[in-house]
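All remarks here apply to the structure that follows.
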Amino acid sequence: MDLFEHAGQQEQARRAPLAERMRPRALAEFVGQEHLTGEGRFLRRALESDRVPSLVFWGPPGTGKTTLAQLIAHSTGAAFESLSAVLAGVKDIRETVARAQERWRLHRQRTFLFIDEIHRFNKAQQDALLPHVEKGTVTLIGATTENPSFEVNAALLSRSRVVTLRGLEEEELVALLRRAVADPRGLGGQTQVDDEALAFLASTAGGDARKALTALEVAAAHGGAKVDRAAAEEALQQKMLLYDKGGEEHYNVISAFIKSMRGSDVDGALYWMARMLEAGEDPLFLLRRMVIFASEDIGNADPRALAVAVDALRAFQLVGLPEGTLPLTQAVTYLALAPKSNAVLTAYAAAREAVEKEGALPVPLHLRNAPTKLMKSLGYGGGYKYPHNFEGNYVPEDYLPEALRSRSFYTPTRNGLEAELSDRYEAIQRQLAERAREPGEEG
C-alpha cells in the first residue's frame with residue numbers, strides 16, 4: 001500500500017457513518033447479547049477455547065450479527081471473508097473457497113466465511129456451500145433476520161448452530177450512545193447530548209443499535225453543539241413504531257395477532273396485522289402463519305379457510321405491496337370470523353403419541369401390498385374388502401394394527417362444517433361396534 005492509498009483509506013474511515021466508525025473492535029466493547037457473550041456463556045466459551053463451530057445468527061437488524069462475526073475471526077486469528085447473499089452467486093462462493101483452501105495450504109490459517117442475509121441464498125447456492133462447510137474448508141457464519149427453519153436448508157442447519165440475538169434494551173442503547181458521544185471515533189466530545197435526548201433516541205430505535213447511532217448522528221448534525229430532547233425530536237420528526245422485528249416485541253405482537261384470530265376478534269387481528277406491516281414485517285411471514293392457523297385453529301370446522309389462506313399467499317406473491325394488503329386483509333377477516341376447531345392439531349398429536357409409545361407395529365396382512373405370488377401365498381392382501389364394491393362405498397373393516405384397534409385419534413367438534421364430519425364419524429363408529437358384536441366365522 002502506498003502513501004496516497006493509505007491516506008485515502010484514512011479519509012474514507014473518517015467519512016464513514018457513525019455506526020460504522022463505532023463498530024466494536026474487541027468483545028469488551030460489544031454491547032448487548034449477554035446471554036451469548038457473558039462470562040461462561042456459549043459464545044465466550046467457544047472463543048476462549050478457540051473452538052467456534054459454524055453458526056447462523058438469527059436476529060433483528062442492528063443487534064451485532066456482522067460485528068460478532070468479525071470479532072470471532074479477529075480473536076481466533078482466522079481470516080475473514082464476507083459475502084452478501086443479495087449480490088453473490090455460486091461463482092463467488094467457489095472463489096472464496098479457493099482462497100480459503102490456499103490460505104490453509106500455505107499458512108494453516110482458518111477462514112470464517114460470513115454471509116449476510118443468508119436466507120436470500122437459493123437452494124443451489126446453499127447446496128454449493130454445504131460440502132465446504134462439511135469438510136471444514138470454511139467455518140460459516142450466516143446472518144439472517146428471518147426464521148432459519150424456513151429459509152435455510154436443513155442439511156446446512158444440521159451442520160451449524162443457530163444463535164438467536166435479541167433487540168438491545170434501551171439502557172444498553174443509551175450506554176452505546178454515550179460512548180459514541182465521547183469516543184474520538186464518534187463525536188469526540190464536541191457535541192453535548194443531554195440524558196433526555198439520549199433516552200428519546202434509544203426509545204425510537206426499537207432495539208436497533210445501528211438505527212440509534214444513525215439517529216444520534218442526524219440529531220448532532222441538526223442540533224449543533226448541544227442536543228436536547230426537542231432538538232432530537234425535530235431532527236427525527238417522528239418516533240418510530242415499537243416493533244423490533246425478530247426480538248421480544250416481535251413475538252409479543254405476532255402472539256397477539258394469532259390470539260386475536262383464535263378469539264374471533266376481527267378488529268384486534270386487523271390492528272396487530274397493520275401494526276406489523278407498517279413496522280416493516282415481511283408479509284410472507286404473516287401469510288405463512290395464517291396458513292398454519294387455518295389448519296391448526298379452524299381445520300374442518302371450515303375447510304375453506306385453508307384455501308382462503310393459501311390463495312391470499314399466492315395473490316400476494318402475484319401483486320406484492322401495496323395492493324397485497326387487500327388479500328391479506330380479506331384472509332384475516334375470514335379466518336378471524338370462521339368457526340374454530342383444533343381437532344386437526346389434537347388428532348396428529350394423538351397419532352404421534354401412539355407411534356412413539358408403540359413403535360413400528362406390523363401392518364395387518366389384509367392391508368399389505370401383494371405384487372408377487374409369494375407374497376399372496378403368505379397372505380399379503382388376503383381378505384381385503386374393496387369399499388367401492390359395497391353399498392354406500394363403505395364396509396366396516398379394521399385398518400389399525402391389532403394393538404391399536406380400540407384407539408381413536410380424531411375427535412371432531414360440533415362447530416361449523418365439522419359437525420357433518422362428526423355425524424359421519426359417529427355413524428362409522430356405530431357400524432364398527434356392531435361388527436365387533438357379531439359372531440366370527442368360527443362362532
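The values are calculated or read from the model by the stated rules, or taken from the named source; none is laboratory data. Computed from a prediction, not measured in an experiment: that's the story for all the values here. Cβ coordinates were reconstructed from backbone atoms using ideal geometry, including for glycine residues, and neighbour counts include every protein chain displayed. The protein model used for the area step is the full one, side chains on, heavy atoms only, and it has no ligands, DNA or RNA in it. Shrake-Rupley method; radii C 1.70, N 1.55, O 1.52, S 1.80 Å.
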Exercise for the section: Using only Cα atoms, locate the centre of region 319-380 and the centre of region 406-427, then give the distance between them in Å, rounded to an integer. Expected result: 15
Handout entry: Zone of GLU29's modelled label, taken as backbone nitrogen in region 182-225 under 19 Å from a point 7 Å along Cα→Cβ
Key = 182-191, 209-217
Completion exercise
Residue separation between GLU39 and ALA154 times 0.36 nm, minus their alpha-carbon distance, gives in nm 38.3 nm
Exercise for the section: With a Förster radius of 45 Å, plug the Cβ-Cβ distance of ALA350 and ARG99 into 1/(1 + (r/R0)^6) and report the FRET value to the nearest 0.05. Expected result: 0.25
Problem - Solvent-accessible area, 1.4 Å probe, carbon plus sulfur percent, for the chain - result: 52
Practice task
Mind checking the full-extension length gain between GLN429 and HIS222? Use 0.36 nm per residue of separation minus the Cα-Cα distance, one decimal, nm.
Solution key: 66.9 nm
Exercise for the section: Run the numbers on the chain and let me know its relative contact order in percent, using alpha-carbon pairs under 8 Å that are six or more apart. Expected result: 11
Handout entry: Listed residues ALA343, ALA16, ALA202, most fluctuating in the chain (Gaussian network, C-alpha, under 10 Å)
Key = ALA16
Handout entry: Pairwise label distance in nanometres, GLN330 with ASN122, each label 7 Å out on the Cα-Cβ vector
Key = 2.9
Problem - Out-of-range pairs (alpha-carbon distance over 25 Å; input LYS91/LYS123; LYS65/LYS211; LYS65/LYS123; LYS340/LYS385) - result: LYS340/LYS385
Problem - Average Cα contact separation per residue, region 257-383, under 8 Å, 6 or more apart, as relative contact order % - result: 26
Handout entry: Amide H partners (placed H, <5 Å) of VAL227, local residues excluded
Key = GLN192, VAL193, ASP194
Handout entry: Shape call, region 29-185: gyration tensor on alpha carbons, a/c limit 1.5
Key = prolate
Fill in the blank from the handout: A correct Stokes-Einstein calculation for the chain, using the alpha-carbon Kirkwood radius, 10 °C and 1.306 mPa s, returns a whole-number D in µm² s⁻¹ of 59
Handout entry: Simple Cβ-charge dipole of the chain, Lys/Arg +1 and Asp/Glu -1, about Cα centre, in debye nearest 20
Key = 1480
Practice task
Please label the shape of region 62-124 as rounded, prolate or oblate, based on the square roots a ≥ b ≥ c of the eigenvalues of the alpha-carbon gyration tensor (a/c under 1.5 means rounded; beyond that, a/b larger than b/c means prolate, else oblate).
Solution key: oblate
Exercise for the section: Pop a pseudo-label 7 angstrom from the Cα along the beta-carbon direction at both ALA419 and SER255 and give the gap in nm to one decimal. Expected result: 3.5
Problem - Tensor-based shape of region 97-230 (alpha-carbon gyration tensor, a/c under 1.5 rounded, otherwise prolate or oblate) - result: prolate
Practice task
Calculate, in nm to one decimal, what GLU391 and LYS91 gain on full extension: separation in residues at 0.36 nm each, minus their alpha carbon distance.
Solution key: 101.7 nm
Handout entry: Choice from ALA26, ALA338, ALA312 with maximal GNM fluctuation in the chain (Cα, 10 Å cutoff)
Key = ALA26
Handout entry: Ranked packing of 281-292, 375-386, 91-102, most packed first, by mean Cβ within 10 Å
Key = 281-292, 91-102, 375-386
Fill in the blank from the handout: In whole angstrom, the spacing between the Cα centers of region 107-132 and region 76-97 equals 7
Handout entry: Where the chain is the region considered: accessible area per residue in Å², 1.4 Å probe
Key = 56
Handout entry: Projected label distance in nm at ARG108 and SER377, using a 7 Å step from Cα toward the beta-carbon
Key = 6.6
